[in-house]
Amino acid sequence: MPSTDSDPGSITRVQGIEVGHHTDARRPTGCTVVLARGGAVGGCDVRGAAPGTRETDLLHPSNLVQQVHAVMLSGGSAWGLDAASGAMRWLDEQGIGLDVGVGRVPIVPAAVLFDLAVGDSRIRPGADAGHAACQAASAARPAEGNVGAGMGACVGKVFGMDRAMKGGIGTASLTVRGVTVGALIACNAVGDVVDPHSGALLAGARSPDGRQLHDTCRALLRGEEPRPLLAGTNTTIGVIATDARITKVQAQRLAVVSHDGLARAIRPVHTMSDGDTLFALGTGLAEHSLGMLTLSAMAAEAVALATARAVLAAQSLTTAEGLELPCARELAACRP
């Protein structure tokens, strides 16, 4: 297997970070929450042209709110943003939030991906799903692949869903001199996913016979026509977290440079049909910090590894409607 299959770490190795999934048993969809009960400095950067987000404006360095308490990642397209309301309710029950004098208001930014083409589109994560994800959250290593926000994710849709493969959710982390940077990525990209170290194709658009990877970028450059794609019907979303002591401006910069990791692992990326959005959190619980050059390098690497993990951990899926989405491991096993 590729180098990305070795011990990749986990975002929950970051002090003060917990992760919880809720997977809907009725169809392939779900949501995933990243909790920072003690609060975390937050930043966000949107690169895809068709995002679905909530509370991203407050993360701008010039705006008032300094800390967030959770980030919600959800399937269900725009309907999935309601999962953040459930996280707010759960945090309120725990007495966690921004002190506004008359009470505490939990700050929960969110982003969604489009998975409505996988199963019954009338079933979407809502507030109850977000609440359940928070109840399930812990500092244990989170499950990867077909869970939470990755349950309905698929990749390689440039030439149609009938040639796509299963995406998912993955995590990775790096630790340097006692400081950890971790990433959690739900990969539902229109493009292919590659090993960020070797460049080898892992998952994506398949050949017309469905038996091998087609290499989307090379096919496009050969002049092959893509299928018409509705904007926003894809999207890779995720969270980068560190226990380094960083400012809100630095959190914003980490979110920006973390997209380099997506570019190393997804081809093509940041398209008009993707709403690629990354959040960055800093808990400040490490004994010291690192320079931004090192933190930035760690963040981009963690994102690249987590993106690869999202497809390597995924399992094949066949919906009740007959849509078949093989996984990276299954396709690799079928190769001569």
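Okay, here's what the table says:
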| quantity | calculated |
| --- | --- |
| Residue in the range 16-23 that is open to solvent by 10 Å² or more (accessible area, probe 1.4 Å), farther than 28 Å from residue 325 by Cα and of a type outside the set (S, T, N, Q) present | yes |
| Selection count, the range 318-328, where residues are open to solvent by 30 Å² or more (accessible area, probe 1.4 Å) and not in a loop (DSSP other than H, G, I, E, B) | 2 |
| So residue 223, is it in a loop (DSSP other than H, G, I, E, B), touching a Lys or Arg at 6+ places or on another chain (Cβ under 7 Å) and surrounded by fewer than 24 Cβ atoms within 10 Å (Cβ to Cβ) | no |
| Subset tally (residues that are within 14 Å of the chain's Cα centre (by Cα) and assigned to a loop (DSSP other than H, G, I, E, B)) for the range 271-294 | 3 |
| The range 253-267 residues that are without any contact (Cβ under 8 Å) to a residue 40 or more places away in the chain, paired with ones that are surrounded by fewer than 23 Cβ atoms within 10 Å (Cβ to Cβ) (beta carbon under 6 Å, 6 or more apart) | 263/269 |
| Within the range 178-198, considering residues that are small (Gly, Ala, Ser) and open to solvent by 30 Å² or more (accessible area, probe 1.4 Å), the one farthest from residue 312 (Cα to Cα) | 178 |
| Qualifying residue in the range 125-134 (condition: within 19 Å of residue 30 (Cβ to Cβ), part of a loop (DSSP other than H, G, I, E, B) and open to solvent by less than 10 Å² (accessible area, probe 1.4 Å)) | yes |
| Boolean, residue 51 is within 26 Å of residue 181 (Cβ to Cβ) and touching a residue at least 60 places away in the same chain (Cβ under 8 Å) | yes |
| Hits in the range 149-167 - residues which are outside any loop (DSSP other than H, G, I, E, B), in contact with a Pro (Cβ under 6 Å, 6 or more places away or on another chain) and within 15 Å of residue 269 (Cβ to Cβ) | none |
| Checklist (1) open to solvent by 40 Å² or more (accessible area, probe 1.4 Å); (2) more than 19 Å from the chain's Cα centre (by Cα) applied to residue 297, failing item | (2) |
| Whichever residue in the range 246-269 is outside any helix (DSSP H, G or I) and open to solvent by less than 50 Å² (accessible area, probe 1.4 Å) and, among such residues, is farthest from residue 194 (Cα to Cα) | 246 |
| Qualifying residue in the range 3-13 (condition: open to solvent by 20 Å² or more (accessible area, probe 1.4 Å), not hydroxyl-bearing (Ser, Thr, Tyr) and not in a loop (DSSP other than H, G, I, E, B)) | yes |
| Residue in the range 227-241 that is at pLDDT 95 or above and open to solvent by 10 Å² or more (accessible area, probe 1.4 Å) present | no |
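Table: residues versus (1) modelled with pLDDT under 95; (2) under 21 Å from residue 325 (Cα atoms); (3) open to solvent by 40 Å² or more (accessible area, probe 1.4 Å); (4) basic (Lys, Arg).
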position: 89; (1), (2), (3), (4): no, no, yes, yes
position: 149; (1), (2), (3), (4): no, yes, no, no
position: 152; (1), (2), (3), (4): no, yes, no, no
position: 173; (1), (2), (3), (4): no, no, no, no
position: 176; (1), (2), (3), (4): no, no, yes, no
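The values are calculated or read from the model by the stated rules, or taken from the named source; none is laboratory data. Because the structure is predicted, anything quoted here is derived from the model rather than measured. In this analysis, Cβ positions are derived from the backbone assuming ideal geometry, glycine residues included, and neighbour counts consider all displayed protein chains. What goes into the accessible areas is simple: the full protein's heavy atoms, side chains included, and nothing from ligands, DNA or RNA. Shrake-Rupley method; radii C 1.70, N 1.55, O 1.52, S 1.80 Å.
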